[in-house]
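Worksheet for the structure shown next.
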Ligand SMILES: NC(=O)c1ccc[n+]([C@@H]2O[C@H](COP(=O)([O-])OP(=O)(O)OC[C@H]3O[C@@H](n4cnc5c(N)ncnc54)[C@H](O)[C@@H]3O)[C@@H](O)[C@H]2O)c1
């Protein structure tokens, strides 16, 4: 099924959903006292059936899932109609949770995503991956369940403070590095990443993600694995140090660039050239990475072992950077990843 993507300058009316729907939304909007949220709050109230949850990793926690699904189920039963649309309004945590719910409720209900963070708008809402966390380890269970529609509403996305754009930068530069070509040429010249830059690049970044996803929608051919650039280390720091996902990925991409140089996949000239580009200069520097790693665990093997891509031989498929548009995937033993990690950690 092809996901329909709509860009809107205004809030769509409930009627435009053409049928019964249940809105699952981030409670943040309802609880905010900020005047700028008024329109959003009023719009949420126009959905007769709605339920709000606190966003974040706890929402994706399997242990608290039964209680939440019971509440949702009782609402869906009140609507008492087949094909109730499930609408997720929020960032990536709301999206992952809502997508999972839609995929299992009544063996699958139509899903609409309305992403409200840059990270979800450019990345997590697209491609149909849903996920829950288990005992503190991220995304251990989930389904492939693409949304029928993804609606990107400009005034909603522009509500975000600058910090959200900074958090999304890791995923944005990941897509630009993987795509290369014209996208990299324009992206690499950016001097800062704020709401207006993020809105401007949004269609091209989404396009870049679908170019990869459409070649391997169910992650069977290994192509989609490219989207894990920066995530091997990123997921460790997200779990161990509670870093926001996008920030952890930004550090992870810096680490992947350093690992690529160390293994000579990225030659010194290309490494230096890459580091001269404006966009790469918005990533954490090597010394900021080393500094951050002072407070991270020494042994990361327990985290790496949780990686879904680990092979029987205890190797991981690591995504290196050779040049923009050329990011080779290679099997690396977790012992070698650990060695590189400890070498970085020991640097001053
Ligand atoms: N399914 C996928 O393919 C995929 C890909 C990447 C990341 N993810 C998941 O996405 C999650 C991270 O996404 P996220 O950073 O959007 O997280 P999030 O949903 O936790 O949102 C981050 C914060 O932004 C706030 N927020 C949401 N919309 C806002 C708005 N318009 N204005 C101001 N604040 C707003 C939220 O209340 C929250 O505090 C992680 O759980 C990650 O695993 C999934």
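Readers should treat all values here as calculations from the given coordinates under stated rules, not as data from a laboratory. In this text, all values refer to a predicted model and were calculated from it rather than measured experimentally. When we count neighbours, we look across all protein chains shown, and the Cβ atoms used for this are built from the backbone with ideal geometry, even at glycine.
A few remarks follow.
- For segment 210-289, the alpha-carbon radius of gyration amounts to 1.20 times the rule-of-thumb value 2.2 N^0.38 Å expected for a compact globular protein.
- Spacing of the two label points (7 Å from each Cα toward its C-beta) at residue 276 and residue 242, in nm: 4.2 nm
- Relative to the dominant Cα principal axis of the chain, helix 162-179 is inclined by about 60°.
- In summary, the convex hull built on the alpha carbon positions of segment 66-214 has an orientation-averaged projected area of 9.8 nm².
- Hydrodynamic radius of segment 21-98 per Kirkwood, over alpha carbon pairs, in Å: 13.1 Å
- Compactness index (Cα Rg / 2.2 N^0.38 Å), segment 61-130: 1.09
- Length released on extending from residue 135 to residue 163, taking residue separation times 0.36 nm less the Cα-Cα span: 7.3 nm
- Förster radius 22 Å - calculated FRET efficiency between residue 200 and residue 347 (Cβ-Cβ, nearest 0.05): 0.05
- Highest-fluctuation residue, 316, 109, 73 considered, GNM on the chain with Cα pairs under 10 Å: 73
- Per residue of the chain, the DSSP helices (runs of n ≥ 4 H) give a summed -39500 (n - 2.57) that works out to -13500 deg cm²/dmol at 222 nm.
- The long axis of helix 245-262 is offset from the longest Cα principal axis of the chain by roughly 20 degrees.
- Shape summary of the chain, radius of gyration then Dmax from alpha carbon positions: 20.2, 63 Å.
- Exposure proxy order (Cβ contacts within 10 Å, fewest to most) of 93, 240: 240, 93
- Under 13 Å from a label point set 7 Å out along the Cα-to-Cβ vector of residue 4, the amide N atoms of segment 104-132 belong to 111-113.
- Three-way shape label, segment 2-131, alpha-carbon gyration tensor, a/c 1.5: rounded
- Taking all Cα-Cα distances within segment 246-309, those exceeding 18 Å account for 45%.
- Length gained on full extension, residue 210 to residue 81, computed as 0.36 nm times the residue gap minus the Cα-Cα distance: 43.2 nm.
- A straight chain from residue 192 to residue 148 at 0.36 nm per residue would run longer than the Cα-Cα distance by 12.5 nm.
- For segment 172-254, radius of gyration divided by Kirkwood radius, i.e. Rg to Rh on alpha-carbons: 0.99
- Helix 65-79 axis, angle to the chain major axis (alpha carbon atoms, nearest 10°): 30 degrees
- Most mobile listed residue (99, 19, 56) in the chain, GNM with C-alpha springs under 10 Å: 19
- Prolate/oblate/rounded label for segment 111-165 (Cα gyration tensor, a/c 1.5): oblate
- Sites residue 338 and residue 37 - FRET efficiency at Förster radius 51 Å, r taken between beta-carbons, to 0.05: 0.70
- Considering only Cα atoms, the convex hull volume of segment 230-348 works out to 100 Å³ per residue.
- Among 229, 22, 119: highest mean-square fluctuation, GNM of the chain, C-alpha pairs under 10 Å: 22
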